[in-house]
Amino acid sequence: MENSDLGEIILQHYEKYLGTFENREIYENNETMPSIQMIQYRNIFEGCKTYASLGLSKFSEEINNTCEIVMSIDNDYEKASYVLANVLFYIVLNKLDFGRGTYIGGIENIDSIFVDQHKKSAIYFTETYAFPDEFSHIRGNAKMYMAFFISQEEYDFIKKNGCEKFEEYLEEKEIDIMHLDR
């Protein structure tokens, strides 16, 4: 399947489950690398904006996964989108195997003010459990993952205990991952 065909399929998937997008931001890492777009939706979850990537699937060979990312967040939207896009480029450029349980620290190197303000220094990726089950699979064998910001303490917890224990902890404590300043 051509990347342009997959891009169209992904957009149709987003329209089916997320509705009409409100805005789109295009991020580029360099002139030779394809861009990654962050497509913005409002009111998927009350009080939040949702960003869905478009273009990560072009890098399926580099990350050993054909996928896109969705992130819902309750404030500092533009900075959150910028940080997420840069983390995705980091994953691609470093050819990291990507999937559920991936976590990337060091976002103070992208935006130290964001980290200082919200006390979130990493991003965690998991299944799209806050969305309908059908949303997680895109026709053409692509998959959706969900991203959210985590603190250094949460990062250290994952490193020590693994993603299963971390997600159990989130569920047990009923932590709202969309709330940036939780």
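The values are calculated or read from the model by the stated rules, or taken from the named source; none is laboratory data. Keep in mind it's a predicted model, so treat the numbers as computed, not measured. Virtual Cβ from ideal backbone geometry, glycine too; neighbours counted across all protein chains shown. To get the accessible areas, we keep the full protein, side chains included, count just its heavy atoms, and leave off ligands, DNA and RNA. Shrake-Rupley method; radii C 1.70, N 1.55, O 1.52, S 1.80 Å.
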Report summary line: Within region 21-44, the count of residues that are under 14 Å from Y77 (Cα atoms) and of a type in the set (F, W, Y) comes to 1
Query raised in the report: Can you tell me which residue in region 106-127 is farthest from E15 (Cα to Cα), limited to those that are buried (at least 18 other Cβ atoms within 10 Å of the Cβ) and polar (S, T, N, Q)?
Result: S121
**Report entry** Meets criteria (open to solvent by 60 Å² or more (accessible area, probe 1.4 Å) and touching a residue at least 24 places away in the same chain (Cβ under 8 Å)) for L88
**Finding:** no
Query raised in the report: Within region 147-162, can one find any residue that is assigned to a strand (DSSP E or B), at pLDDT 95 or above and either farther than 21 Å from D76 by Cα or among the β-branched types (V, I, T) (or both)?
Result: yes
Report task. May I ask you to verify whether G140 is on the phi > 0 side of the Ramachandran plot, part of a helix (DSSP H, G or I) and among the small types (G, A, S)? Result -> no
Query raised in the report: (1) without any contact (Cβ under 8 Å) to a residue 60 or more places away in the chain; (2) under 15 Å from the mean Cα position of the chain (by Cα): which one isn't true of N30, the others all being true?
Result: (2)
Query raised in the report: For E61, are the conditions met, namely being touching a strand residue (DSSP E or B) at 6+ places or on another chain (Cβ under 9 Å), part of a helix (DSSP H, G or I) and open to solvent by 10 Å² or more (accessible area, probe 1.4 Å)?
Result: no
